[in-house]
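As structure tokens, the structure follows; a few thoughts come after it.
The values are calculated or read from the model by the stated rules, or taken from the named source; none is laboratory data. Here the structure is a predicted model, which means the values were calculated and not measured. Every residue, glycine as well, gets a Cβ built from its backbone with ideal geometry; the counts of neighbours run over all protein chains shown. Heads up: the accessible areas ignore ligands, DNA and RNA and are worked out on the full protein's heavy atoms, side chains in. Shrake-Rupley method; radii C 1.70, N 1.55, O 1.52, S 1.80 Å.
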Amino acid sequence: LKFQGLLRPAPASVMEAKKPSFTLALCAGGCAGTSVDVVLFPIDTIRTRMQSVEGFRAAGGFRGIYQGLSAATIGSAPGAAMFFATYETAKPIVGSVLGNDTALSHSSSAAVGEVAACLTRVPTNVVTQRMQVGQYKSLQEAVNGVLASGGLRAFYSGFGTTVMREIPFAFVQFPIYERLKMTWRDSQQAPTEPWQGALCGAVAGGIAGAVTTPLDVAKTRLMLGTARAGAEPYKGTANTLLRISREEGAGALFKGLAARVFAISTGGLIFFGVYETALLSLSSPRRAQLSLPTPRASVHVCSSSQWAV
């Protein structure tokens, strides 16, 4: 899912309190990410089937919309951990070059974290999406089938396209979220509430999700590893985008747009609400009275997720 791993801490300019500890943020992010994955998994299945070369009905329609949930759930925590560890490592290095606590430095650090998270997220997505369209019926069958189809390399089908999707997503969503939350805070002359941060994240994520839909379609086609009968499998991001446009029309690059935007926006509401509530619950009484920053998802963030802030 897009929301898996999308956990970007907000810069100091938009928070009124000390950021949560790494462990606290990771625990809260894991709870929020898993909640989003489970609640919105049917929507993600619908999006995958809409983007498949077979089409929505042939890929399963509304039947078995929870196929692949086990794989998605297993991959949530490792993806989040990889993102956080890489983000925290990259942040001081990137900040020394681009300046600390700026939208650019945080977005750049988050982008580095996304690339690292894809190392665990992409294999999970490959297995999940192939189960979603009915290629495999069980997790074990899916893992064995992917392995037999191309070895370990098959688990990373669409890796480059996923990275190409996540980086622009981060640079589109993060500044929008930051600006919306800052504007809301200034207009009410008080720290933003969790529900307000959730709305800002939902709007920002929806916009970023819509803009990056063509890359999401290409990623899905590459991960599914299928093409029309008698045709060569899709290869490479640019080739896949051009081929889809040529064979199915430019509109096909936006298949699943509504489902994607709905899932990311709704997931943002759920993620940010659960995340900030979890922080308040796990924090000390003193910090529980403050407006805490919200890390991102993907995005799927989410995974992705995989939520971006």
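Summary table
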| item | result |
| --- | --- |
| Those helices (runs of 4 or more DSSP H) lying entirely in the stretch 194-255 with at least 2 residues more than 12 Å from Val53 (Cα to Cα), among the aliphatic types (A, V, I, L, M) and open to solvent by less than 40 Å² (accessible area, probe 1.4 Å) | 194-211 |
| Which numbered condition Trp195 misses (of (1) among the hydrophobic types (A, V, I, L, M, F, W, C); (2) farther than 14 Å from Leu269 by Cα; (3) at pLDDT below 85) | (2) |
| The stretch 94-141 - residue that is assigned to a helix (DSSP H, G or I) and among the basic types (Lys, Arg) and, of those, farthest from Phe171 (Cα to Cα) | Arg130 |
| Single residue of the stretch 33-65 satisfying the filter (part of a helix (DSSP H, G or I) and among the β-branched types (Val, Ile, Thr)) that is farthest from Gly75 (Cα to Cα) | Ile46 |
| Qualifying residue in the stretch 169-181 (condition: among the charged types (D, E, K, R), at pLDDT below 85, out of contact with any Asp or Glu (no Cβ under 6 Å at 6 or more places or on another chain) and open to solvent by less than 60 Å² (accessible area, probe 1.4 Å)) | yes |
| Subset of the stretch 271-295 (residues that are crowded, with 19+ Cβ neighbours inside 10 Å, of a type in the set (A, V, I, L, M, F, W, C) and at pLDDT 50 or above) | Phe271, Phe272, Val274, Ala278, Leu279 |
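The rows are residues; the columns are (1) among the acidic types (Asp, Glu); (2) buried (at least 20 other Cβ atoms within 10 Å of the Cβ); (3) within 17 Å of the chain's Cα centre (by Cα); (4) at pLDDT below 95.
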| residue | (1), (2), (3), (4) |
| --- | --- |
| Thr45 | no, yes, yes, no |
| Thr48 | no, yes, yes, no |
| Glu54 | yes, no, no, yes |
| Pro78 | no, no, yes, yes |
| Ala81 | no, no, yes, yes |
